[in-house]
1. Considering only A70, A24, A43, give the residue with the highest GNM mean-square fluctuation for the chain, with springs between Cα atoms whenever their separation is below 10 Å.
2. In nm, what is the difference between 0.36 nm times the number of residues separating C86 and Q180 and their Cα-Cα distance?
3. Name the residues whose placed amide hydrogens come within less than 5 Å of the amide hydrogen of L140, ignoring near sequence neighbours (fewer than 5 apart) on the same chain.
4. Contour minus end-to-end for L171 and A43, with contour as 0.36 nm per residue of separation and end-to-end as the Cα-Cα distance?
5. Of E114, E130, E167, which is the most mobile in a GNM of the chain whose springs link Cα atoms less than 10 angstrom apart?
6. With labels modelled as points extended 7 Å from the Cα through the Cβ direction, what inter-label distance (nm, one decimal) is found for V50 paired with C62?
7. In whole Å, how far is the Cα centre of the range 86-154 from that of the range 32-57?
8. Taking only the alpha-carbon atoms of the chain, what semi-axes of the equivalent ellipsoid follow from 5 times the gyration tensor eigenvalues under a square root, in whole Å, largest first?
Amino acid sequence: MKEMPASHAYRLLEPGPIVLVTTAQNGKANVMTMGFHMMVQHAPPLIGCVIGPWDHSYRALCESRECVIAIPTVDLARTVVDIGNCSGDKVDKFEKFGLSPLSAQDVGPPLIGECLANIECRIADDTMVETYSLFLLEALRIWIDSDRKERRTLHHKGDGSFTVDGEVVDLRERMVKWRQLPD
Ligand SMILES: Cc1cc2nc3c(=O)[nH]c(=O)nc-3n(C[C@H](O)[C@H](O)[C@H](O)COP(=O)(O)O)c2cc1C
């Protein structure tokens, strides 16, 4: 085996689909792209998210303590990358990228109509924000577009290239120790 830089661990451990995060500050909605996230707990459902202090979204999240994690599919790939390459400090990204903001039920920031699913979230623990920019968010409510045909999510390889969901390997029969997990 050849050695590779330890700093590239994130390229091997891609945690899940690339997502969009919406926030709102002074009544103005914004959106960013996020790849550094992970599930931390089943119940209540907790999600760890790294959002850097250089992002407009960081300041909005710290202030309002709420956000929406929206799950885009492959048809939005180029938009997703462009959203992560400009800042809400300078541009209204909902307008620029033609995204439809939909009202959430329990939080201020909007859902994104063009996404497969939207998770309304509130900060559950911010004790690791100063050290790691790591927010622990509680998922309060999930909305899913069950009529949507395109359902393949994008997975960031860490270098601006992405894999797209493909073949499903159904091994539910073998999950004998984990039968209690809900469908
Ligand atoms: C594929 C991709 C993944 C990204 N993942 C993250 C991430 O996990 N955390 C983060 O803070 N920024 C991440 N970014 C960068 C932000 O999306 C970017 O800084 C964005 O401009 C922030 O927007 P804002 O200033 O409007 O909040 C990512 C960008 C791209 C393109």
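Computed from the coordinates by the stated procedures, all read-outs in this text should not be read as laboratory data. Small disclaimer: the values here were computed from a predicted structure and weren't measured. Every residue, glycine among them, receives a Cβ derived from its backbone with ideal geometry; neighbour counts consider all protein chains shown.
1. A43
2. Here the segment from C86 to Q180 would lengthen by 29.6 nm.
3. E120, C121, R122
4. Stretched fully, the L171-A43 segment lengthens by 43.7 nm.
5. Evaluated over the chain, the most mobile residue of the options is E167.
6. It is 1.8 nm.
7. One Cα centre to the other: 10 Å.
8. Taking √(5λ) for each eigenvalue gives 25, 20, 19 Å, largest first.
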